[in-house]
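Values in this text are rule-based calculations from the coordinates and carry no lab data. Nothing here was measured: the structure is a model prediction, and the numbers come from that model. Heads up, the Cβs are rebuilt from the backbone with ideal geometry, glycines too, and the neighbour counts pull from every protein chain shown.
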DNA sequence: TTGAAAGCGCTAACAG
DNA sequence: CTGTTAGCGCTTTCAA
């Protein structure tokens, strides 16, 4: 692979001039032309590695998400991408797979690779971004934030959403509302469950046996829904705290011939790729793309030197 | 950010020794301990950039896909990831968005960043991997291959699948079978349409007006399906060449109250997140994850120096 | 086993 | 406008 030196000697200029041509600095038209010709002849591609080493920062930002197979996160990724691309940054997607170990490795890579910044949808409350902070790399949390760090964050009002969803079920006349939420160490899971509690308590007593912690995936929805339905006195409706578990719950209901409204259902987050016109399901829409867009803008601000105190942006729960 | 030099001086050893400790080479137990202690104290993270520059290759592979919001590709990504991680490589996902410009930029980045290799699901037939080849970087094509390059490839038998799907519709008694396929410059789109032609021709004459090229996305499915249904003599069944357009087509059918089997439907690729038990739809399953796994293995072979002539692996069309 | 020193390819002073 | 030069932080001979 050709280097800047070979291009320089072929074009009869100095390496610095080649560098200048490729970075849009002032170079006489004639030399610029010669450089470009030589570069093409040698099929020269500048080494980003050397450039990054020298500059101590690259033009890429990392987006670390817990589940690449969840359309909520890929939609968020699109939002991030669109903003980043427009600003001349590339985005690399890293899938932590809800695993703290993998997440930590990716964050390490982000530091070691001198990435410009990181947008993190944390695998859990105790994700550790101290390495990034210590090295002064901008981080913004999105959807979920790691606890104990004072950083920019973009979220939605999970508790209010959970409350609203559950209340809708109560308004429809259901009386025993179950709740299927995510892992106990994930902020969005506990907050949405808190919303459920709020609404149920306002209507009577909370029965904690109707609360299930699952894994925010389709299978988690299956398992939790089955458990709920197999109780001696099963709930007559259920609030499911994310899109994928909503799919899982519906699959179980479908198998058992008890599709909504036979059993009431409310879901936090849009059901992915739904085919039918709106069924008898309450959906709290989630501005996935908008979360990504907002987080990316915040991050770019920081990259560009903004040093206000950390901000938390709470987006309204409707489609962007 | 601490460097290897600072660690060295704090530990009272040479930089070379620090390097050795972090690369698992022979160092006396005592020095190793001192180095580790110093590294922790300084919260040292090795610079991957410097390392890559020196080694002329990094431990990351790029996976370039045309649509990150398509569960087929994210499932494939999981397959790639699992194999790569196990071999000590990280995977970065790049979304070309079916755009040759973006794709080219990502391929450039892969070269410039000295990535170990690239797995590419090409944006179109004329994607250009000559840069990678010229620089001797391993590439493997997956799902779709760019034309004119003799490289490893992992695919499925698209034509046979299209034929099989269409034949199923004919067997169900439908007589006017439409086809909704992807962009004309995408291999999987044209091959699947060829399969449709094969089957229809075997049963009579092919009416090309029943063939629609769309964009492999939900909206493409909408548009094409509407056009087909609005024809003077609309098809009584349709073969849809990918999962997302299948969703779009079904949404239109649902709106018009003509869900299968009122209108026959066969889809190439599993419908994502389907809630109901199998409807009256023929599905040609696609081994998404397995494609990723296979491609990753091939790539790792090449990275490890395998220089057999390029291989093409055709996977059977069933779930992995 | 260990250290000294060279160099990966690039950019940014600094001179001219 | 252009060239010279000194590193960015790491790995790796080569000697000791």
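Some values worked out for this structure:
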{"read-out": "Label 7 Å beyond Cα on the Cβ vector: residue A:12 copy-to-copy distances, nm", "value": "6.0"}
{"read-out": "Cβ-derived FRET efficiency at R0 51 Å, residue A:307 paired with residue B:276, nearest 0.05", "value": "0.45"}
{"read-out": "Alpha-carbon Debye profile of chain B, log10 I(q)/I(0) at 0.07, 0.11, 0.13, 0.15 Å⁻¹", "value": "-0.38, -0.73, -0.91, -1.11"}
{"read-out": "Surface/4 estimate of mean projected area, convex hull on alpha-carbon atoms of the stretch B:65-145, nm²", "value": "4.9"}
{"read-out": "Stokes-Einstein D for the stretch A:135-186, Kirkwood Rh over Cα pairs, 20 °C, 1.002 mPa s (µm²/s)", "value": "155"}
{"read-out": "In degrees, nearest ten, helix B:100-112 long axis to first principal axis of chain B (Cα)", "value": "20"}
{"read-out": "At 0.692 mPa s and 37 °C, Stokes D of the stretch B:4-46 from Kirkwood alpha-carbon radius, µm² per second", "value": "339"}
{"read-out": "Gap separating the Cα centres of the stretch B:19-83 and the stretch A:288-318, nearest whole Å", "value": "29"}
{"read-out": "Using alpha carbons only: equivalent-ellipsoid semi-axes of the stretch A:115-219, gyration tensor based, whole Å", "value": "33, 13, 10"}
{"read-out": "Angle between chain B longest axis and helix B:158-171 axis [Cα atoms, degrees, rounded to 10]", "value": "30"}
{"read-out": "Other-copy label distances relative to residue A:105, 7 angstrom Cα-Cβ extension, nm", "value": "2.9"}
{"read-out": "Per-selection Kirkwood Rh - the protein assembly as shown (Cα, Å, 1 d.p.)", "value": "26.8"}
{"read-out": "Base-10 log of normalised Debye intensity for the stretch B:1-147 (one unit scatterer per alpha-carbon) at q = 0.11, 0.13 Å⁻¹", "value": "-0.55, -0.68"}
{"read-out": "Residue B:104-residue B:9 pseudo-label distance in nm [points 7 Å out on the Cα-to-Cβ vector]", "value": "4.8"}
{"read-out": "Shortest-first distances to equivalent copies, position residue A:279, nm, label 7 Å out along Cβ", "value": "1.1"}
{"read-out": "Helix-only CD estimate at 222 nm, as mean residue ellipticity for chain A, using -39500 (n - 2.57) per DSSP H run (n ≥ 4)", "value": "-13500 deg cm²/dmol"}
{"read-out": "Extension reserve of the residue B:136-residue B:57 stretch, reckoned as 0.36 nm per residue once the Cα distance is removed", "value": "27.3 nm"}
{"read-out": "Shielding by partners, peptide A:198-204 (average Cβ within 10 angstrom, other chains)", "value": "0"}
{"read-out": "Kirkwood-based shape ratio for the stretch A:158-284, expressed as Rg/Rh from alpha carbons", "value": "0.92"}
{"read-out": "Per-residue average of Cβ from other chains inside 10 Å of B:244-250", "value": "2"}
{"read-out": "Nearest-ten-degree value, helix A:288-303 long axis tilted from longest Cα axis of chain A", "value": "40"}
{"read-out": "Inter-chain Cβ neighbour average for residues A:104-115, partner chain, 10 Å", "value": "4"}
{"read-out": "Peptide ranges A:156-169, B:298-311 listed from the most packed, as the mean C-beta count within 10 angstrom indicates", "value": "A:156-169, B:298-311"}
{"read-out": "Estimated D of the stretch B:107-166 in µm² per second, where Rh is the Kirkwood radius over Cα pairs and Stokes-Einstein applies at 4 °C, 1.567 mPa s", "value": "104"}
